[in-house]
Amino acid sequence: MNKSFGKKLEHIVFLGPATLLFAVVVIIPFLISIYFSLTDWNGISKTMNFIGFNNYINIFSENSRFLQAFGFTFNISFVIVALTNIIGIGLAALLINKFFGSNLFRAIFFLPNTMGGVVMGYIWRFIFLLVIQYLGMTLNWAIFKLPWLGTEETAFVALVIVSVWQGVGYVMVIMIAALAGVPLELSEAAKIDGASSWRTFWKIKIPFTMPYITVCLFWTIATAFKMFDINVALTKGGPYGSTTPMALQIYYDAFNSNRYGFANAESIVFFLIIFLVTSIQLFLSRRKERAYE
Amino acid sequence: MKIRKRHVVGIIKFVGTLIIALIFFAPFVLVILNSVKPQSQIMTDILGLPTTMMWENYSKAWDALNMSTVLTNTVIVSISSVFLILFLAAMVAYWMVRHPSKYSRVFEKLLLGSLLIPFASLMLPLVKTMSTLGLNTSLMGGILTYVGIGLAFATFIMTGAVRAVPVELEEAAMIDGCNVYQVFFQIVLPIIRPTFLTLFILDLFWIWNDYIVALIMLNNTRLNTVQLAINKLFGLHANQWDIALPAIVMSIAPILIINILLQKKIIAGIASGALKG
């Protein structure tokens, strides 16, 4: 009797607090969100009506801002993920062997990754608004004379630059660890067989590091799709809402437009999109890993 | 001949990397350099050295940010959240690995699945939940949110660490009459200490840098964190770069210092964290 009580108590002590917190912060809000997404509540008033799937239907209606935000997020994520991984792997290949200053270089490339999106965004706001403009005036180069944060296309590129700048360090660190794990005999054997180092890199090293590339892809995709604070700092989602990512659109709809129920529907769709995209990526990457085995 | 070729390749590689690194680092240098210039010089001579050292930029920025309050808030929130995350995650991981039950398996699946839920999908109802509990007007609301969200990843990493603890050690301690609490505190915790350090740094950086959770849970002059204060400052003093730039430098200074002190540990920690994923 006493012993079984002690056993139960142990369960409660070890898992209870974590369960409680997890329920309050993740499970309950998630369930409530599904409920609110079926209402027209504005977030403040005492009345709300149950309107079924109308919010969801509106999300996919023609001039939906959320669809626009999805389009923007999808496009920019594609560019960011591709560039971050390519440049990150390139830096890893460059820095895998020790040479004078290589540790310092690693630290420099990794540094932006340890800093927050808001501050990074403002640092680059300073660069784009003042430094680039100054260079434009003194050097008279066309590329520096563009209104970098003022047009749709250049704001898009600006966000790509900042995101890639922030993300490559992560990919580099993981890929250095991954490349260091490639058995020396493998690449040596390929060299003896007459393969160029370029070929060895692509045919031997990359397949061997596929599980790590999976991690890098997963992380860069998830980060890009969830983008929020860099946009807040750098472009405020503008010009004309053209650089508003999904997460920011949800925030605007809930707190600026008081469309609380609708924003909850958006947040559920947002979750499903991230879930779908990352699941597809994991599935494809794992299949590739297996193909290489 | 061959040695010379290798030398040339090495020099090209070094110079190339150096140029990329300089471009990478330039934004930090420019921000720090201009943070001590008078506004008039920032606007006309952005690349030059400061004509006069305007240290008072920093005291102006300190006041504009309300830094003493904001810094205290950020330190309290990040340190207590990180310690709670580490402690709870270690407990959960230990129990899941050594004393699995039907419940713990379900909980593990839920935690893992929650890694895919973006915060933006939780933030709206979370405000309502926290205000129902009366936690939305204190730092506690922010702390609990960070812990609830950070738990999943930390548990995931800790599980790997606990699995690596030799089970014989725990069994021997049990035979010697230790109860599970003693085994956890005296055997398991000391062995998984390296994982603690890794997670400590990762979570500290996350919370220090986080904007979105703070925006939702701590958006109140009294509770502001550094990131919120920076964002507000840019709203109020958008073109006063002699205040904005030193504010940026102050907000990244702690991260810069930790980076310099623990550079190798951080990089090793990130790598090992990812590999376990």
Can you name every residue in region A:167-182 that is under 24 Å from A:Pro245 (Cβ atoms) and open to solvent by 10 Å² or more (accessible area, probe 1.4 Å)? A:Tyr170
Does A:Ala69 satisfy being within 14 Å of chain B (Cβ to nearest Cβ), of a type in the set (Gly, Ala, Ser) and farther than 17 Å from A:Ala254 by Cβ? no
Mind checking which residues of region B:44-74 are assigned to a loop (DSSP other than H, G, I, E, B) and open to solvent by 80 Å² or more (accessible area, probe 1.4 Å)? B:Leu47, B:Leu49, B:Thr51, B:Met53, B:Trp55
Would you mind stating whether A:Asn42 is touching a Gly at 6+ places or on another chain (Cβ under 9 Å), within 14 Å of another protein chain (Cβ to nearest Cβ) and either open to solvent by 20 Å² or more (accessible area, probe 1.4 Å) or under 30 Å from A:Ile174 (Cα atoms) (or both)? yes
Of the candidates B:Val188, B:Val165, the one satisfying the condition of being more than 10 Å from every other protein chain (Cβ to nearest Cβ), open to solvent by less than 10 Å² (accessible area, probe 1.4 Å) and either modelled with pLDDT of 90 or more or not in a loop (DSSP other than H, G, I, E, B) (or both) is B:Val188
Matching residues in region A:231-252 - criterion: being farther than 16 Å from A:Ile76 by Cβ and open to solvent by less than 10 Å² (accessible area, probe 1.4 Å): A:Ile250
From B:Ala238, B:Ala173, residue being within 25 Å of A:Leu15 (Cα to Cα) and either modelled with pLDDT under 90 or open to solvent by 10 Å² or more (accessible area, probe 1.4 Å) (or both): B:Ala173
Report whether or not B:Val92 is open to solvent by less than 60 Å² (accessible area, probe 1.4 Å), more than 7 Å from chain A (Cβ to nearest Cβ) and assigned to a helix (DSSP H, G or I). no
Regarding A:Phe72, is this residue in a loop (DSSP other than H, G, I, E, B) and surrounded by 12 or more Cβ atoms within 10 Å (Cβ to Cβ)? no
Somewhere in region A:19-39, is a residue free of Cβ contacts under 8 Å to residues at least 40 places away in the same chain, more than 30 Å from B:Met91 (Cβ to Cβ), in a loop (DSSP other than H, G, I, E, B) and open to solvent by less than 70 Å² (accessible area, probe 1.4 Å)? no
Does any residue of region A:219-237 turn out to be away from chain B (no Cβ under 12 Å) and either touching a strand residue (DSSP E or B) at 6+ places or on another chain (Cβ under 8 Å) or within 30 Å of B:Gln227 (Cβ to Cβ) (or both)? yes
Just to be sure before I move on: is A:Thr214 open to solvent by less than 40 Å² (accessible area, probe 1.4 Å), over 30 Å from B:Gln227 (Cβ atoms) and within 11 Å of chain B (Cβ to nearest Cβ) in the structure I sent? yes
Could you tell me which of the residues A:Phe105, A:Phe78, A:Phe99 is of a type outside the set (Val, Ile, Thr) and closer than 27 Å to A:Val277 by Cβ? A:Phe78
Quick one: which residue in B:Thr225, B:Thr198 is closer than 30 Å to A:Ile96 by Cβ and among the polar types (S, T, N, Q)? B:Thr198
Just checking, which of B:Asn179, B:Asn259 is open to solvent by 10 Å² or more (accessible area, probe 1.4 Å), over 26 Å from B:Arg163 (Cβ atoms) and not aliphatic (A, V, I, L, M)? B:Asn259
Quick check: anything in region A:203-210 among the basic types (Lys, Arg) and at pLDDT 90 or above? no
A:Gly150 meets each of (1) more than 9 Å from chain B (Cβ to nearest Cβ); (2) at pLDDT 95 or above; (3) in contact with a Pro (Cβ under 9 Å, 6 or more places away or on another chain) with one exception, condition (2)
Among the candidates A:Gly101, A:Gly43, single out the residue that is among the small types (Gly, Ala, Ser) and free of Cβ contacts under 8 Å to residues at least 40 places away in the same chain. A:Gly101
More than 22 Å from A:Trp124 (Cα to Cα), surrounded by 14 or more Cβ atoms within 10 Å (Cβ to Cβ) and under 21 Å from the mean Cα position of the chain (by Cα): does that describe A:Val164? no
From the set of residues in region A:183-207 that are under 34 Å from the mean Cα position of the chain (by Cα) and open to solvent by less than 50 Å² (accessible area, probe 1.4 Å), which is nearest to A:Ala291 (Cα to Cα)? A:Pro207
Can you tell me which of B:Leu110, B:Leu116, B:Leu84 is at pLDDT below 90, surrounded by fewer than 24 Cβ atoms within 10 Å (Cβ to Cβ) and facing chain A (nearest Cβ under 9 Å)? B:Leu116
Checked pairs for region B:54-70, first touching a residue at least 60 places away in the same chain (Cβ under 8 Å), second β-branched (Val, Ile, Thr) and open to solvent by 50 Å² or more (accessible area, probe 1.4 Å), C-beta under 8 Å and 6 or more apart or across chains, list as B:Asn66/B:Thr221
Looking at region B:163-190, which of its residues are free of Cβ contacts under 8 Å to residues at least 40 places away in the same chain and among the β-branched types (Val, Ile, Thr)? B:Val165, B:Ile175, B:Val183, B:Ile187
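The values are calculated or read from the model by the stated rules, or taken from the named source; none is laboratory data. Note that the structure is a prediction, hence the values are computed from the model and not measured. So basically every Cβ, Gly included, is an ideal-geometry build from the backbone, and we count neighbours across all protein chains shown. Protein only, heavy atoms only, side chains kept; ligands, DNA and RNA dropped before computing areas. Shrake-Rupley method; radii C 1.70, N 1.55, O 1.52, S 1.80 Å.
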